[in-house]
Amino acid sequence: MGKSFENVTTRMAGDERRKQILQVAMELFSKNGFAGTTTKKIAQSAGVSEATVFKHFANKDALYADILDYKACSHGFDNPFSEIAEELKAKDDFGVFNGMALNAFKNHREDQNFMRLLLHSALEGHELSRMFFESFVAVMYDFLGSYIKQRQKDGAFREIEPKIIVRSFVGMIIHHSLSNILWDREQKILKITDEDAAKEFATILLNGIKK
């Protein structure tokens, strides 16, 4: 029994170490990009040897890619609509769009390093950008587009290409988040709470697409 407990303790320590390395790597990648971040620097910042980094990750590409899996688990990227499931079922249009915006603002604000990391990966043309697009963005377009198409069939929304509507809404959300994270951190241009921003963006969208 003692041996079993010892194995569990060792495994837990290994899991925590891996998580620590991921978090440190994400911060460095978000500041310096993929090309500007070395495994040596990651090891130094995490307070471990470079050999320890390679013990958990085969190479820098594997470490970079595993960040997406880590964020998917922590932010529910595998099911981004779970928090508005009731609104979707009830066809509560305001609840759907307001909830989506509010959840996005919360995730963006709490995980600014990941937002910067995605920008770096897109600019560098790294595989992580494509992976994120295919595993989250494209899925979100298809799922929300299907909801909009159904509401058009119900006679609730005007006949507009659903993906145009999705892009319009996502555009408001992303621009607002990036403005607050990158350019206007003190909100000098627009001082507004996440709750009010979500409510107003949802209202603007629905005023434009409702019959």
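The values are calculated or read from the model by the stated rules, or taken from the named source; none is laboratory data. Since the structure is predicted, the reported quantities are computational estimates derived from the model, not experimental observations. Note: ideal-geometry Cβ built from the backbone for every residue, glycine included; neighbour counts use all protein chains shown.
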Check the range 154-166 and report whether any residue there is surrounded by 12 or more Cβ atoms within 10 Å (Cβ to Cβ) and within 25 Å of Phe114 (Cβ to Cβ).
yes
Members of the range 167-181 that are in contact (Cβ under 8 Å) with a residue 24 or more places away in the chain, closer than 20 Å to Phe114 by Cα and not β-branched (Val, Ile, Thr)
Met172, His176, Ser177, Leu178, Asn180
Is there a residue being buried (at least 16 other Cβ atoms within 10 Å of the Cβ) and either outside any helix (DSSP H, G or I) or touching a Leu at 6+ places or on another chain (Cβ under 8 Å) (or both) anywhere in the range 133-145?
no
Subset of the range 151-166 (residues that are in contact (Cβ under 8 Å) with a residue 12 or more places away in the chain and either assigned to a helix (DSSP H, G or I) or under 25 Å from the mean Cα position of the chain (by Cα) (or both))
Arg151, Pro162, Lys163, Ile165, Val166
Restricting attention to the range 66-85, does a residue exist that is touching an Asp or Glu at 6+ places or on another chain (Cβ under 7 Å) and either modelled with pLDDT of 90 or more or among the aromatic types (Phe, Trp, Tyr) (or both)?
no
Of a type in the set (Val, Ile, Thr) and either under 21 Å from Phe81 (Cα atoms) or part of a helix (DSSP H, G or I) (or both), is that true of Ile204?
yes
Are there any pairs, at least 6 apart or on different chains, whose C-beta atoms fall under 8 Å, with the first in the range 14-30 and on the phi < 0 side of the Ramachandran plot and acidic (Asp, Glu) and the second part of a helix (DSSP H, G or I) and surrounded by fewer than 21 Cβ atoms within 10 Å (Cβ to Cβ), and if so, which?
Glu27/Ser45; Glu27/Asn113
